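A.B. asks: Dumping the structure here so I can ask a few things about it.
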Amino acid sequence: MTAAISLGFVIALSSPPSLGTLTRVLIGWDTGVWTFLATIWVQMLTSTRDDVRLRATINDENAVTVLTVVCAATVASVVAIVLELGSTKGLALESKIMRSGLTGLTIFGAWFLIPTIFTQHYARIYYASDLDSPALDFPDGNLQPDYLDLLYFSFTIALASQTADIGLRGRSARRTVLAQSILAFYFNVTVLGLCVNIAASMVGS
């Protein structure tokens, strides 16, 4: 994550000043987010169950802080998107298309980032609990989930605001799911509204 953040800062600072501060910030944000997503997804898709359990037990003391900061930054990015779209009025069609593409990239990067980060947190919650009565109750019985199992759980919440066939035990799991469900609703409504706004802007041009 540190490398992705650093790369984002470098790209933002090295972008042409003529683009404007907000656009440069979004370019840097997108670079950092998509770099992080590519890295973490490769890591998750190539991890065994033992890898998941090992990673879930290290650096757990910073888990809530990282989760909070990432979610706050992602919400801030959506605010920046709204401001960026508001600045496209009066621009040429080519500039509108470029900025709309940038905001679209930011929207979907932010949307993918949150359930991905929550997946990491659910791994910590699961393996920190009593495995005879785990915090996430998979219907497979004694299944020790890998990242794909946890991605399924997290993205089901992101898409449908429900936990599908996986039960919850303990306050930590329930509160985490509640937080993700609220964020998911916020993002789904926001993404829909911004997509309509972008489409209307293109038609109006």
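A.B. asks: For the chain, what does -39500 (n - 2.57) per DSSP helix run (n ≥ 4), summed and divided by total residues, give at 222 nm, in deg cm²/dmol to the nearest 500?
C.D. replies: Rounded to the nearest 500, it is -26000 deg cm²/dmol.
A.B. asks: Moving on to the next point. Non-local amide H neighbours of ASP137 (under 5 Å, H modeled in plane, Pro and chain starts lacking H): which ones?
C.D. replies: For ASP137, the qualifying residues are GLY167, LEU168, ARG169.
A.B. asks: Would you mind ranking LEU7, LEU150 by Cβ crowding within 10 Å, fewest neighbours first?
C.D. replies: LEU7, LEU150
A.B. asks: What helices in the chain pass both tests, a Cα length along the helix axis of 15 Å or more and a mean Kyte hydropathy of 1.6 or higher, using whole DSSP H runs?
C.D. replies: Sorted by number, the helices that extend far enough and score high enough are 2-14, 63-86.
A.B. asks: Among LEU102, LEU83, LEU151, which one moves the most in a GNM of the chain with springs linking Cα atoms closer than 10 Å?
C.D. replies: LEU83
A.B. asks: What order do you get for TYR127, TYR122, TYR186 when you list them from fewest to most C-beta neighbours inside 10 Å?
C.D. replies: Least to most surrounded, the residues fall as TYR186, TYR127, TYR122.
A.B. asks: Just to be sure I understand, if you calculate Rg and Dmax of the Cα atoms in Å for this structure, which of (i) 18.9, 62; (ii) 17.5, 59; (iii) 22.3, 81 do you get?
C.D. replies: Only one listed value fits the structure, namely (i).
Computed from the coordinates by the stated procedures, all read-outs in this text should not be read as laboratory data. From a predicted model like this one, the values you see are computed outputs, not experimental measurements. Here the Cβ is made from the backbone with ideal geometry for all residues, glycine too, and neighbour counts use every protein chain on show.
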